[in-house]
Amino acid sequence: MSEKKAVYVNGYIGLIGLVLLVGIGGFLFYFGMTSGAIFQTVMGFVCWLIAIALLSSATVVSPNQAKVILFFGQYIGTIRESGFFLTIPFAQKINLSLKVRNFNSSVLKVNDLDGNPIEISAVVVFKVVDTAKALFDVAYYQDFVEIQSETAIRHIASQYPYDTFNEEDLTLRGNTTAISDELANELQERLSVAGVEVIETRLNHLAYATEIASAMLQRQQAKAILSARQTIVEGAVTMTQMALEQIETGQEINFTDDRKVQLINNLLVSIITDKGTQPVINTGTVKEK
């Protein structure tokens, strides 16, 4: 079922018509009663009955509201324009808000891609764009939005790891914008049946579960230290190699293998160590072999 426009007229113009109809009915009734004409009397009553029926069709639509019109269980259409209108007499009029809404999901406990239990929640911003689908294709579209949002959050959280030290990997903590966009796309597919448009989604809570938070913190610290050490060692080896090449090339000095090993060891120790090194001055002579 899709939304369609209901039949309605401007309410103020309709009121003028009602006043004229009531006046015509009063004139016919008075003329019939005074002259004894039964037909005019009956027509006066008919005009009044029509005026009462048309008066029952009056409805007021507020800004960012919609009126869904039902006539004896049949969907007639929707009035989206705000104002005062006359529509189908004796029809049922259902109010539906078109305003933008926020849904803040509860904190969910989910296992990420690595199997680690995490806590996650999100804010979903949405609005109704198809009143017919929202009312007739699902039962209580607000509950439908909440349940589908939590389902989508669980699914997205289980597809990615919480965190890694590989910059190329997509993670929940390091790529929140991309994760939020993917969550919005998946949620839009789920909520299209309810006539709801997802405007924005954002993760507002993301953390390891309480029972593993301490252990995962130590794991993160260990990985960070290991990654930093790896970078330092790679840089130290490169710097030592460049230093040997520049000394041998610029100064025309040829080191023996033992001297190279000693120099490399001294350079690596001085670069890699996290404490200050004390220089040792050699006052002896270097004997060449």
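The values are calculated or read from the model by the stated rules, or taken from the named source; none is laboratory data. Small disclaimer: the values here were computed from a predicted structure and weren't measured. All Cβ positions, even for glycine, are placed from backbone atoms using ideal geometry, and neighbour counts span all protein chains on display. Remember, those area values only see protein heavy atoms, side chains included, never the ligands or the DNA or RNA. Shrake-Rupley method; radii C 1.70, N 1.55, O 1.52, S 1.80 Å.
Taking all protein chains together and rolling a 1.4 Å probe, Ile88 ends up with roughly 50 Å² accessible.
Ranking Ser121, Gly17, Met1 by Cα position along the charge dipole of region 1-160, where only Lys, Arg, Asp and Glu carry charges on their C-beta atoms, puts Gly17 farthest toward the positive end. Of the chymotrypsin sites (Phe, Trp or Tyr not before Pro) found in region 52-122, the ones in coil according to DSSP and having at most 11 other Cβ atoms within 10 Å of their Cβ are Phe72, Phe90. Computed extension length for Gln65-Asp181: 38.9 nm, one decimal, from 0.36 nm per residue of separation with the Cα-Cα distance subtracted.
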